[in-house]
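Comments concern the structure below.
The values are calculated or read from the model by the stated rules, or taken from the named source; none is laboratory data. The structure presented is a predicted model; accordingly, all values stated were derived computationally and were not measured. Cβ placement follows ideal geometry from the backbone for every residue including glycine, while neighbour counts extend to all protein chains displayed.
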Amino acid sequence: MFSSADPLVTTPEEQFAVGNSDFAFYGNYASRCRSFALAWCTGGRAEATVNQHRGTLERNTWLFLLPGWVLMLTDCTEDFRMNYCAFSKEMFAEAAFRLEPAFFQALRECPLGTMTDGMAEGAEAWFRMMEYTYRDKENTYRNTIIRNRLQNMLLGSYDKYLRFGTQRRTAPDKRSRQTDLFHRFVDLTHEYCTTHREVAFYADRLCITTRYLSGIVRRMVHSSVKEFIDRAVVLEIKMLLQSTDLSVQEIAYRLRFPDQSYLGRYFKHHTGYSPTEYRHAKE
């Protein structure tokens, strides 16, 4: 059975959340994250999709989530568990204001990864401090302490990115320009896939030809631009089917499909299910 509660929810009164969960809310559900979250697997195994990045979560693998990203877990074992810390957009913005956009581009490119034994020990110690403060409800400086610890973790991660991650990047050349264009294309897809599914729209926004964009995407992810856009649209439809009470007709209107029949054919072509079948399959 799937939990009706999202463990990563924060509120204006409770700007962060800390705990351990089976993440059943995201099991076979494509759901949009509303908070910044850091989580790492403490046991079991699951297949994760973050936006269009896929990977395996098992012990000592980590997961970064930014607000607006779509997460779905499949093939979860019964003993699958993750420690997590979630933060409101406001708290995260305050903690991350010193970080450059390149750091977040790196997270977009690799939202999942594996920790060394030393990193896992450090993450466990950091989590225990976060957990202790989370439970200390009467602490006047509770939010400030948590924000500072989040900032320390982010700055430590950013330092390693600058020292080690940038060493793998090539000097500014044709390849780095194409990488930058690809990241911009991904950002545009996340922003506009609900209203624009034409390859030409994204090429125009990037001020390049459709042929050049096709070459970049094919080189980066071994798929066509249209396939990439369609995957983003399908994730959005899944999220709306599973996380809202919108009718198929209302979803079709929101995503600018001509009608619900067209959306139904589109969705079934990509998933093998009709929207209604998919919505009820996990109930």
Next item on the list: Could you tell me which of the residues S274, S243 is at pLDDT 90 or above and not charged (D, E, K, R)?
Entry: S274
Check: Do you know which residues across the stretch 253-265 are within 19 Å of A281 (Cα to Cα) and touching a residue at least 24 places away in the same chain (Cβ under 8 Å)?
Finding: L263
Notebook entry, point to check: Among L181, L213, L241, which is buried (at least 17 other Cβ atoms within 10 Å of the Cβ), part of a helix (DSSP H, G or I), on the phi < 0 side of the Ramachandran plot and touching a Pro at 6+ places or on another chain (Cβ under 8 Å)?
Noted result: L241
Note to self: What's the number of the only condition in (1) crowded, with 17+ Cβ neighbours inside 10 Å; (2) assigned to a helix (DSSP H, G or I); (3) aromatic (F, W, Y) that F257 fails to meet?
What the structure shows: (2)
Margin query: Restricting to the stretch 230-283, and then to whatever is small (G, A, S) and touching a helix residue (DSSP H, G or I) at 6+ places or on another chain (Cβ under 7 Å), can you tell me which residue is nearest to T74 (Cα to Cα)?
Written below: A232
Check: Which residues, taken from the stretch 82-96, are under 23 Å from S243 (Cβ atoms) and surrounded by fewer than 18 Cβ atoms within 10 Å (Cβ to Cβ)?
Finding: K89, E90
Check: For S274, are the conditions met, namely being more than 21 Å from R34 (Cβ to Cβ), without any contact (Cβ under 8 Å) to a residue 12 or more places away in the chain and in contact with a Gly (Cβ under 8 Å, 6 or more places away or on another chain)?
Finding: yes
Note to self: From the list Y134, Y202, Y161, exactly one residue is modelled with pLDDT of 90 or more and closer than 18 Å to F36 by Cβ. Which is it?
What the structure shows: Y134
Note to self: The conditions are (1) assigned to a helix (DSSP H, G or I); (2) within 25 Å of G113 (Cα to Cα), and F201 fails exactly one of them. Which is it?
What the structure shows: (2)
Checklist line | Residue list for the stretch 1-30, restricted to those being under 13 Å from A86 (Cβ atoms) and surrounded by 17 or more Cβ atoms within 10 Å (Cβ to Cβ) | finding: D6, P7, L8, T10, Q15, F16, A17, V18, S21, F23, F25, Y26
Check: From the set of residues in the stretch 48-93 that are outside any loop (DSSP other than H, G, I, E, B) and of a type in the set (F, W, Y), which is farthest from N20 (Cα to Cα)?
Finding: F92
Item checked: Selection from the stretch 19-56 of residues that are among the aliphatic types (A, V, I, L, M) and either over 18 Å from L235 (Cβ atoms) or without any contact (Cβ under 8 Å) to a residue 12 or more places away in the chain (or both) -> A24, L38, A39
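Quick grid of which residues meet (1) touching a Cys at 6+ places or on another chain (Cβ under 9 Å); (2) surrounded by 13 or more Cβ atoms within 10 Å (Cβ to Cβ); (3) touching a residue at least 60 places away in the same chain (Cβ under 8 Å):
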| position | (1), (2), (3) |
| --- | --- |
| E121 | no, no, no |
| K137 | no, no, no |
| I146 | yes, yes, yes |
| S157 | no, yes, no |
